[in-house]
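A short reminder: the numbers here are calculations on the coordinates, not readings from a lab. None of the values given here were measured: they were computed from a predicted structure. Don't worry about glycine lacking a Cβ; one is built from the backbone with ideal geometry, like all the others, and counts go over all protein chains shown.
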Amino acid sequence: MQTLNLEEILNLFVYKEGSPLMFNTGAFLLLFALFYTVYVTGYKQLAFRKWYVLAFSLYFYFKASGIYLVLLGGTILLDYFVAIQIEKAAKQQVAKLWLIGSIVVNVGLLGYFKYTNFLIDIYNFFLLDKTPTLSIFLPIGISFFTFQTISYKVDVYRKQLKATTSLLDYAFYITFFPHLVAGPIVRAKDFLYQINTGLILDKVFSAEGLYLIVKGLFKKAVVADYVAQYVDLVYANPSGFSGFENWMAMYAYTLQIFCDFSGYTDMAIGLAAIMGFKLCENFNSPYQATNITDFWRKWHISLSSWLRDYIYIPLGGNRNGKGMQQVNQLLTMLIGGLWHGASMRFIIWGGLHGLALVIHKLWSGSALGKAVPDNGFTKFIGWFITLHTVALLWILFRVPDLATAQATLQTVLETDFLTFWSYAEPFWNARPLVLIMVLGGFALTIIPQSWKEVVKQHFIAAPLVYKALWLIIIIHLSMEMSGQGVQPFIYFQF
């Protein structure tokens, strides 16, 4: 967390590349406090609420991507118009042409900004060419708002949703700043109706929102940003560290990416809640999953459900036999991997997750799988295997290239049991807080939901002074434990 000086205050009104306005900064918390003070005085006036929130959301995106605010505006105008044409079309074929044409534009823009250099690299690799890559700025959040606009038009095409006739409402939905740059991916049918609802800032709902903000800030600014320092150190030169240290870096990154992304999501949902809006749940204790299918029901839920509804089911889902179902699962996860990044690392990561899903499906349907008793021991084994499968595959997320991934995995997997534990005591002596943070962080991810609910209800029922004190404590902790200032959210790059 950072404090503000005069120069930083002036910088709030200009775009600076590489310095987006993030939820875990003092600048954002100050601006949001000012924004919210005005919001609570006039939110009951519908027109004021719409225009005021839209203006702040556009400012928020300008701080993230500068001139590419124009790209966001153009996407909004195009898809607002196309959805109306889809609904008005007298023939299904005409509606389909509108839909396909607009999706081609959406995906084409996403492809240009995100995948052009990846395609150039592939071209150079196969043709042994040296075509230079281009200097292309990746607008923050383009993957998220592209998926939102596509789902909106598809839902209109499927007649699951009426196209809104209000450009203001549609722009509000797409640009709503809590979810704009890093999700969750919000469906129009879950959000549009809320815009014109007579909002009431319910005390309990607002207290739940503040709880999520405090919890998310702790996850991101304290846990994720602290363990990130050790993760960055090891992954800068994995071969220069022991197998034990690479294992610890793997565990630390597994914790970091969860606390970073779910922390952002908690803050996003919390910010929306204290404004009177409800966003969808995006994480449900994914590291408690006892199989890989269960993991993907709990991790990045808004993306998982999007891939299911707009990729897997249109491909055929499970309608054409088990063989095609497995192919569709693999294709869906490959697309999900590519969505995360323009690199073979992400494609392989998605493909391996798809393969794991297929293996689990085959195992579950086999005679041996059905014969395995459902008890505490088998659930523990399932949890252990799932967690380590996920953790090992996160290495592909973190390393800069496949060569480093191979070296890291080799170091991790070739470490024998005795060698592994021989480094435990020296590691504890050298980095006790890293070990405490990793063990404590994982303990918090696997505690029962009922325990979390007790903490939540205690926070909600507490006086406002108590809530403010917790916020101050977490801000202080984040300032004390941060090593390199404010760390960007990992999912900003997607």
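Once you have the Cα-Cα distance between K88 and L199, take 0.36 nm times their residue separation minus that, and quote the gain in nm to one decimal.
Here the answer is 36.8 nm.
With viscosity set to 1.567 mPa s and temperature to 4 °C, compute the Stokes-Einstein D of region 208-493, Rh being the Kirkwood radius across alpha carbon pairs; µm²/s, no decimals.
So the translational diffusion coefficient is about 63 µm²/s.
Shape call for the chain from the C-alpha gyration tensor, a ≥ b ≥ c root eigenvalues: rounded (a/c under 1.5), prolate (a/b greater than b/c) or oblate?
rounded
From the phi of every residue in region 272-285, what ³J(HN,Hα) in whole Hz does the Karplus formula 6.51 cos²θ - 1.76 cosθ + 1.60 yield, where θ is phi - 60° and glycine or proline is x?
Result, ordered by residue: 4, 5, 6, 9, x, 10, 10, 9, 6, 5, 10, 9, 9, 6 Hz.
Which whole-Hz couplings ³J(HN,Hα) result when phi for each residue of region 445-454 is put into the Karplus expression 6.51 cos²θ - 1.76 cosθ + 1.60, θ = phi - 60°, listed in order with x for Gly and Pro?
Rounded to whole hertz, the list is 6, 10, 5, x, 4, 5, 5, 4, 5, 4.
For an R0 of 56 angstrom, estimate the FRET efficiency from the Cβ-Cβ distance between F384 and A47 and round to the nearest 0.05.
Result of the calculation: an efficiency of 0.50.
Among V223, V105, V455, V390, which comes first, second and so on when ranked by fewest other beta-carbon atoms within 10 Å?
Exposure proxy ranking, most exposed first: V455, V105, V390, V223.
Specify which residue in the list M22, F144, L168 is farthest towards the positive end of the charge dipole of region 14-199, using unit charges on the beta carbon of Lys, Arg (+1) and Asp, Glu (-1), about the Cα centre.
With unit charges placed on the Cβ atoms, the residue in question is L168.
Label points 7 Å out from Cα along the Cβ direction at S135 and V14: separation in nm?
1.9
What are the ³J(HN,Hα) values, in whole Hz, obtained from phi via the Karplus relation 6.51 cos²θ - 1.76 cosθ + 1.60 with θ = phi - 60°, for each residue of region 198-211 in sequence order, with x given for Gly and Pro?
Rounded to whole hertz, the list is x, 5, 10, 7, 5, 4, 5, 4, 5, 5, 4, x, 5, 4.
When we measure straight from the Cα of K215, which aspartates and glutamates land under 19 angstrom away, once same-chain ones fewer than 8 places off are left out?
Within reach: D225, D260, D266, E281, E453, E480.
Charges only on Cβ, +1 for Lys and Arg, -1 for Asp and Glu: so what's the dipole of the chain about the Cα centre, in debye to the nearest 20?
Dipole size: approximately 1720 debye.
Between Y123 and N375, how high is the FRET efficiency from 1/(1 + (r/R0)^6) when r is the Cβ-Cβ distance and R₀ = 51 Å? Nearest 0.05.
Result of the calculation: an efficiency of 0.45.
Between F417 and L168, what is 0.36 nm times their sequence separation minus the Cα-Cα distance? Round to one decimal in nm.
So the chain would gain 83.5 nm between F417 and L168.
Regarding region 390-484, what whole-number volume in Å³ per residue does the convex hull of its Cα atoms give?
Expressed per residue, the convex hull around the Cα atoms of region 390-484 is 167 Å³.
Excluding residues fewer than 8 places away in the same chain, name every one of the lysines whose C-alpha is closer than 27 Å to that of K370.
K298, K322, K361, K379
Would you mind working out the magnitude of the charge dipole of region 221-310 relative to its Cα centre, with +1 at each Lys and Arg C-beta and -1 at each Asp and Glu C-beta, to the nearest 20 Debye?
Approximately 280 debye in magnitude.
Bins of 10 Å, beginning at zero and ending with the bin holding the largest distance: percent of Cα pairs per bin for region 135-245, please.
Binned Cα distances yield the sequence 11, 26, 28, 20, 11, 4, 0.
Quick one: grab the alpha carbon gyration tensor of region 1-149, order the square roots of its eigenvalues as a ≥ b ≥ c, and give me rounded if a/c is under 1.5, else prolate or oblate depending on whether a/b is larger than b/c.
oblate
Please compute the length gained on full extension between L469 and D401, using 0.36 nm multiplied by the number of residues separating them and subtracting their Cα-Cα distance.
20.1 nm
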